[in-house]
Amino acid sequence: MAARSAEQLSARERLLAAANELFYEEGVNTVGIDRVIERAGVAKATLYSAFGSKDELIRAYLEQRYQTRRERTMRAVDKFETPRERLMAVFDALSESLSQPNYHGCAFVNASAEARPGSPIERAVDGCRGWLRELLTQLAEEAGAADPQQLAWQLHLIYDGAAVSARMDHDPGAIFPARLAAEALISAALD
């Protein structure tokens, strides 16, 4: 399916597209609602009727990024048969993200740094992180790890470290030592 032109997108879709660009590039609190509205080409009332508040727009932006991450990760995982390969595929999906020319760090880490405790933003971030930890735990169980939750936690820390390092060091190659560390942990947990 070909990408739709800006005129063919609904006002809600245009708002989400504008939020995705601006929030990801500059931060969820730095970008004012007026800039999102201007970029989307809609009236302020449209934003509030579609989302109710800026926090809800941010939550929707994060949910959209979560769905993209989930789909990309599951495509990578589903390419493989063996549990060990499926665990490592999570890092393949991360590598794809880190190598994007417009990579500005993990959207969830970035938004979390700006979120108020208990906010819709924090809940959206927690949802994505919870899903990834559950996936890693499930894959570790399938691989036969003695302590799947411990292995999943360790792999999640490596995943986060690679994402943060790639951003802070401006080096998508951070995935390579992260993969080596993940492979070593998996080998130690499974052998």
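Miscellaneous remarks
- Inter-residue pairs, beta-carbon under 8 Å, first farther than 20 Å from C128 by Cα and in the stretch 153-173, second outside any helix (DSSP H, G or I) and open to solvent by 70 Å² or more (accessible area, probe 1.4 Å), 6+ apart: P172/S99
- Qualifying residues in the stretch 98-120 (those that are part of a loop (DSSP other than H, G, I, E, B) and in contact with a Pro (Cβ under 9 Å, 6 or more places away or on another chain)) - the one surrounded by the fewest Cβ atoms within 10 Å (Cβ to Cβ): Q100
- Qualifying residue in the stretch 86-97 (condition: open to solvent by 10 Å² or more (accessible area, probe 1.4 Å), of a type outside the set (V, I, T) and over 22 Å from A166 (Cα atoms)): yes
- Residue in the stretch 144-158 that is of a type in the set (F, W, Y), surrounded by 19 or more Cβ atoms within 10 Å (Cβ to Cβ) and in contact with a helix residue (DSSP H, G or I) (Cβ under 8 Å, 6 or more places away or on another chain) present: no
- Members of the stretch 62-89 found to be within 12 Å of the chain's Cα centre (by Cα) and of a type outside the set (F, W, Y), listed by number: L62, E63, Q64, R65, Q67, T68, R69, R70, E71, R72, T73
Yes or no, residue by residue, for (1) more than 24 Å from E114 (Cβ to Cβ); (2) among the aromatic types (F, W, Y); (3) open to solvent by 60 Å² or more (accessible area, probe 1.4 Å); (4) at pLDDT 95 or above:
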| residue | (1), (2), (3), (4) |
| --- | --- |
| R35 | no, no, yes, yes |
| A40 | no, no, no, yes |
| E56 | no, no, no, no |
| Y61 | no, yes, no, yes |
| R70 | no, no, yes, yes |
| R75 | yes, no, yes, yes |
| D78 | yes, no, yes, yes |
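- Candidate set: the stretch 1-16, residues that are open to solvent by 40 Å² or more (accessible area, probe 1.4 Å) and part of a helix (DSSP H, G or I); chosen: the one modelled with the lowest pLDDT: A6
The values are calculated or read from the model by the stated rules, or taken from the named source; none is laboratory data. On a predicted model such as this, the values are computed, not experimentally measured, just so you know. Here Cβ is always computed from backbone atoms with ideal geometry, including for glycine, and neighbour counts include all displayed protein chains. Keep in mind that these areas ignore ligands, DNA and RNA; they rest on the heavy atoms of the full protein, side chains included. Shrake-Rupley method; radii C 1.70, N 1.55, O 1.52, S 1.80 Å.
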